[in-house]
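Participant: This structure is in structure tokens; I'll ask about it shortly.
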Amino acid sequence: MKTVKYILMIIVFLMSVNVLAQTSKTGTTAAQVLKMNVGPRAIGMGGAFTATADDITAMYWNPGGLANINSNEVIFNHNKLYLDIGYDFAAFAANLADIGTFGAFVSVLSMDEMKVRTIEQPEGTGELFDAGTLVIGLSYAKSLTSSFSIGFNVKYINESLYNMRATGFAVDIGTLYKIPVLNELRIASSISNFGTKMKLEGRDVLVITNSGAGGGNLINSNLELDAFELPLIFRFGIAADVVKSESSRLTAAVDAIHPNDHSESVNSGVEYSWNETFFLRAGYNSLFEHYSEKGLTLGAGINYRLADVIKLKFDYAYQDFGRLNEIHYFSIGIKF
């Protein structure tokens, strides 16, 4: 089993080397919804959640942490972002004992309809258009030993813009290693969105040209659009419960982030828990990132036991987006 563990860690390391070899290509990747953080708990901690991941939102941050779920969980997350952009995330995960943890999730990025404008009709043609993205994924995670777990996501991505569509597929892989020091030091890494390129296709690239003598022949042709890579992200995180007693817990976490389309950054955060019922969180997102509008994050949560086997989870987070509007995140979850 130790041999398998080391092989898997080597695989993740080699994949991370591939990520680190990427050059900066700011603004040149598709499906930006894949970079939108999930879950007020993690967001309240500044996005430093790779090694902390022990709930259903581990699907996004580090699928290896999904193995920490010892029951079934459901989460619903709706956010109104800046510039009238909406983001919804819903997921379900079930622990099947020795088999592992299985999950499924869907995320939707949407925005209000806008007027179709042309040079000839700058005030609008009377038509409306919108844009959006749909992501559907399946997850699996398993603890290979008492201290090491690994997890995977498989994702289908569909982007739309007016009468255009682009589709792609991606996989995520994550690992989590626990060391029995400092109330269990956790070291984790994950690679997200390793997959195909995406290219818009549809009738909006159809071009009709006149050809022949006098331009009497109509020829249909298509514009050739570029294919764009997915936003590949490598995360490495460390977390520990620096304070832990019967009623209180204080978790501190730090993540190093390397994307293939922007500069490196660091996320940091803390979570205080009282009786694993009431939670306070704070953090700082995207430290050292070039031209970042992100920064301070705050959050709170409550776990309310509805019955012996049912627990409701309410979480909230605030994030400062600089010159853009601040964002308030809300989610509701059920653990049973």
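The values are calculated or read from the model by the stated rules, or taken from the named source; none is laboratory data. Bear in mind the structure is a predicted one, so any value in this text is a computation, not a measurement. As a convention, Cβ positions derive from the backbone with ideal geometry for all residues, glycine included, and neighbour counts pool all protein chains shown.
Participant: Which residues, taken from the range 315-336, are surrounded by 15 or more Cβ atoms within 10 Å (Cβ to Cβ) and of a type outside the set (Ser, Thr, Tyr)?
Facilitator: The answer is Asp315, Ala317, Gln319, Asp320, Phe321, Ile327, Gly333, Ile334, Lys335.
Participant: Further question on the same structure: Scan the range 88-108 residue by residue and report those that are surrounded by fewer than 21 Cβ atoms within 10 Å (Cβ to Cβ) and either in a strand (DSSP E or B) or within 12 Å of the chain's Cα centre (by Cα) (or both). Walk me through it before giving the result.
Facilitator: First pass over the range 88-108, keeping only residues surrounded by fewer than 21 Cβ atoms within 10 Å (Cβ to Cβ): 88, 90, 92, 94-100, 102, 104, 106, 108.
Listed by number, the residues that qualify are Asp88, Ala90, Phe92, Ala94, Asn95, Phe102, Ala104, Val106, Val108.
Participant: Right, something else. Restricting to the range 168-184, give me the number of residues that are surrounded by 14 or more Cβ atoms within 10 Å (Cβ to Cβ) and within 19 Å of the chain's Cα centre (by Cα).
Facilitator: 8
Participant: How about the range 239-278: which of its residues are farther than 16 Å from Ala48 by Cα, modelled with pLDDT of 90 or more and either assigned to a strand (DSSP E or B) or of a type in the set (S, T, N, Q) (or both)?
Facilitator: Across the range 239-278, the qualifying residues are Val243, Lys244, Ser245, Ser247, Ser248, Arg249, Asn260, Ser273, Trp274, Asn275, Thr277, Phe278.
Participant: Hey, Arg235 hits all of (1) assigned to a strand (DSSP E or B); (2) more than 26 Å from Leu109 (Cβ to Cβ); (3) charged (D, E, K, R) but one; which does it fall short on?
Facilitator: That leaves (2) as the condition not met.
Participant: Within the range 35-43, does at least one residue satisfy the condition of being surrounded by fewer than 24 Cβ atoms within 10 Å (Cβ to Cβ), in contact with an Asp or Glu (Cβ under 9 Å, 6 or more places away or on another chain), modelled with pLDDT under 95 and not in a helix (DSSP H, G or I)?
Facilitator: no
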